1. In whole angstrom, note down how far apart the Cα centers of the stretch 245-309 and the stretch 84-106 are.
2. Can you check how the C-alpha radius of gyration of the chain compares to 2.2 N^0.38 Å, as a plain ratio?
3. Tell me the net charge near MET132. Cut-off is 14 Å between Cβ atoms, MET132 excluded, with +1 for each Lys or Arg and -1 for each Asp or Glu.
4. So what's the back-of-envelope 222 nm ellipticity for the chain, counting only DSSP H runs of four-plus at -39500 (n - 2.57) apiece and dividing by all residues, rounded to 500?
5. Using a 1.4 angstrom probe on heavy atoms only, work out the carbon and sulfur share of the accessible area of the chain in %.
6. Which whole-number value in Å² is the accessible area per residue of the stretch 6-53, probe 1.4 Å?
7. Put TYR130, TYR273 in order of accessible area, largest first, 1.4 Å probe: what do you get?
8. Place a +1 charge on the Cβ of each Lys and Arg in the chain and a -1 charge on the Cβ of each Asp and Glu, then give the dipole magnitude about the Cα centre in debye, rounded to the nearest 20.
Amino acid sequence: MTILGAFLIWNLKIYRNLAIFFIYQSVLMLLNFLEETQITSSTHLITPAFTLVVGPLLYFFVRSLVNDTALPLSKKCAHFIPMLLALPFTNFTQVVIALGTVSQILYLAASFRLLSRYHLASMGVRSDAYSMKLTWIIRALSVFAVIVIIDLIRLNMQKHTSGDLKAAWYFINVLVFFCISLYLLLKVLKNPQLFDGMLPYEQSVQPTTPEDKQQDLPTAKALCQNIESIILQKELFKQQRITVTDIANETGLTVKNISWAINLGANQNFCEYINALRVKDMKEKIIAGIPKGQKLLDLAFESGFNSKSTFNTVFKREVGMTPTQFLQKNRPE
């Protein structure tokens with residue numbers, strides 16, 4: 001499966017690091033097979049050192065997904081030096097695997113931090129950021145993190161576990177890896193929509209101190225009200241994929257100033273702010289009475305929402321009830 005997966009996605013540059021991860025898995029499974037069947041029993045054991053490769057490979061895959069700064073080849077190669085250093089010491093199997101497990105935990109933490117940056121940036125730029133959330137990769141990495149932590153506990157209990165239990169855990173470990181890989185492959189082949197503006201956004205929006213926020217709050221609120229009046233007057237929030245750049249073009253303000261005004265003045269990011277305006281528009285339509293034969297979802301699309309799931313999620317978060325519940329509560333007698 002991993003060989004086929006690598007072949008299918010190799011030409012997709014953004015997913016090439018996942019293809020490399022699949023190739024790594026294929027090689028590891030082959031070496032494991034040779035070692036477990038004692039075909040290579042007379043040679044040096046090398047698979048324990050491979051545990052130091054998993055973390056970097058997954059981390060590089062996440063970096064490519066969020067479009068982070070490309071690393072030079074020399075820096076990429078430096079991440080694999082621990083594996084090379086561990087090769088002569090793989091007779092100390094438990095120690096090497098323990099180091100590999102710690103390495104995986106550290107790289108997973110770095111990957112989750114990258115994904116957090118990605119989501120913050122996309123929510124600050126696009127009104128359709130919910131459709132670009134990388135929840136699928138977060139799910140896969142979370143399952144992998146649980147397995148890694150359990151494996152670390154198992155490693156410390158090696159002396160107290162039977163051979164059958166070790167074999168069963170090894171089978172479960174390989175099966176979970178197979179399922180995670182298959183899940184990632186299926187998600188990637190669906191060609192999910194990705195946000196590629198994380199770095200430009202982070203460079204344009206500088207963090208402010210609490211003192212600055214308190215001092216600038218009146219100015220931010222006034223600017224936010226001016227921006228909102230233009231958005232409402234031109235009904236810009238009804239554009240399904242509107243971005244902060246589109247608002248900048250309409251108002252003549254910079255992206256930095258708009259982000260600052262909305263974040264500080266409305267205490268929301270751009271995505272939350274625009275979707276709150278859409279919810280407000282929907283509430284007004286429902287209270288005014290939905291025309292006979294008109295579907296609630298059609299009205300949601302007219303208000304700027306681009307999917308049923310986003311509409312339901314945002315509406316419930318803003319109002320405290322689902323759109324259907326709100327409709328029933330406010331249905332004219």
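The values are calculated or read from the model by the stated rules, or taken from the named source; none is laboratory data. Model, not experiment: these values are computed from the prediction. Ideal geometry is used to build each Cβ from the backbone, glycine not excepted, and the neighbour counts take in all protein chains shown. Protein only, heavy atoms only, side chains kept; ligands, DNA and RNA dropped before computing areas. Shrake-Rupley method; radii C 1.70, N 1.55, O 1.52, S 1.80 Å.
1. The distance from the Cα centre of the stretch 245-309 to that of the stretch 84-106 comes to 51 Å.
2. 1.27
3. +4
4. Helices in the chain give a 222 nm mean residue ellipticity of -23000 deg cm²/dmol.
5. 61
6. Per residue, the stretch 6-53 has an accessible area of 57 Å².
7. TYR130, TYR273
8. So the dipole magnitude of the chain works out to roughly 480 debye.
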